[in-house]
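Following: one structure in structure tokens, then a few remarks.
The numbers here are math on the coordinates, done by the rules we state, and not lab data. Worth saying up front: this structure is predicted, and the values here are computed from it rather than measured. Glycine also receives a Cβ, built like all others from the backbone with ideal geometry; neighbour counts cover every protein chain displayed.
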Amino acid sequence: PKLETKANARGRTKHRPGHNLLQRLKTFQTETLRFLTDFDVPFTNNLAEQDLRMMKVKMKISGSFRTLEGAQIFATVRSIVSTARKHGCNIFRTLAAHPDQIILACAP
């Protein structure tokens, strides 16, 4: 059944969520199916979700960060640790390296 609309509705007409998903998949078909042609693109975004999980757990446990600077530092360190892990680098050596030398510290 059609969605109810107001008598003087402005803007786009409302559609059901399934219709909206179908339209987005049709519009962004190349981006959605990129993993079929470019094997460097993963099938799922599970790694990205795992990277965000630690931040959400930290916020859940402590409620929030005390300062914006503290949140930025935490995010930077988590980003470095996550990247080092994905590249198979020694995490402690990477964290102990000078910021200019992080790429060299990640070399095997």
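Every Cα-Cα pair of the chain was included, and the share exceeding 19 Å stands at 68 percent.
Each helix, a run of at least 4 DSSP H residues, gives -39500 (n - 2.57); summed and divided by the residues of the chain, these come to -17000 deg cm²/dmol at 222 nm.
Here r is the Cβ-Cβ distance between A75 and R16 and R0 is 41 Å; the resulting FRET efficiency, rounded to 0.05, is 0.65. Along the range 33-44 the Karplus relation, 6.51 cos²θ - 1.76 cosθ + 1.60 evaluated at θ = phi - 60°, assigns HN-Hα couplings of 9, 4, 5, 6, 9, 10, 6, 7, 8, x, 5, 10 Hz to successive residues, with x for each Gly and Pro.
Rg and Dmax over the alpha-carbon atoms of the range 46-105 stand at 12.7, 36 Å.
When only Cα pairs under 8 Å and 6 or more residues apart are kept, what is the percent relative contact order across the chain? Relative contact order comes out at 12 percent.
Taking T76, T37, T13 in turn, the Gaussian network model of the chain (Cα-Cα springs below 10 Å) assigns the largest fluctuation to T13. Toward the positive end of the charge dipole of the chain, with +1 on the Cβ of Lys and Arg and -1 on the Cβ of Asp and Glu, the farthest Cα among H19, N46, I61 is that of H19. Overall, the range 46-105 carries a charge dipole of about 260 debye about its Cα centre when +1 sits on the Cβ of Lys and Arg and -1 on the Cβ of Asp and Glu, all other atoms neutral.
If you rank I102, I73 by fewest surrounding Cβ atoms within 10 Å, what's the result?
Fewest-to-most Cβ neighbours within 10 Å comes out as I73, I102.
In summary, the convex hull built on the alpha carbon positions of the range 41-80 has an orientation-averaged projected area of 3.2 nm². Would you list the membrane-span-like helices of the chain, meaning whole DSSP H runs whose alpha-carbon atoms span at least 18 Å along their axis and whose mean Kyte-Doolittle value is at least -0.5? TM-like helix candidates: 46-62, 68-86. Taking I80, I61, I91 as the candidate residues, the one with maximal mean-square fluctuation in a Gaussian network model of the chain, Cα springs under 10 Å, is I61. Of the chymotrypsin sites (Phe, Trp or Tyr not before Pro) in the chain, the ones in a loop by DSSP (not H, G, I, E or B) with at most 16 other beta carbons within 10 Å are F28, F39, F43, F65. Compute the longest continuous run of the chain that contains no exposed trypsin sites (Lys or Arg not before Pro); treat a site as exposed when its DSSP state is not H, G, I, E or B and it has at most 10 other Cβ atoms within 10 Å. Free of exposed loop sites, the longest segment is 13-65.
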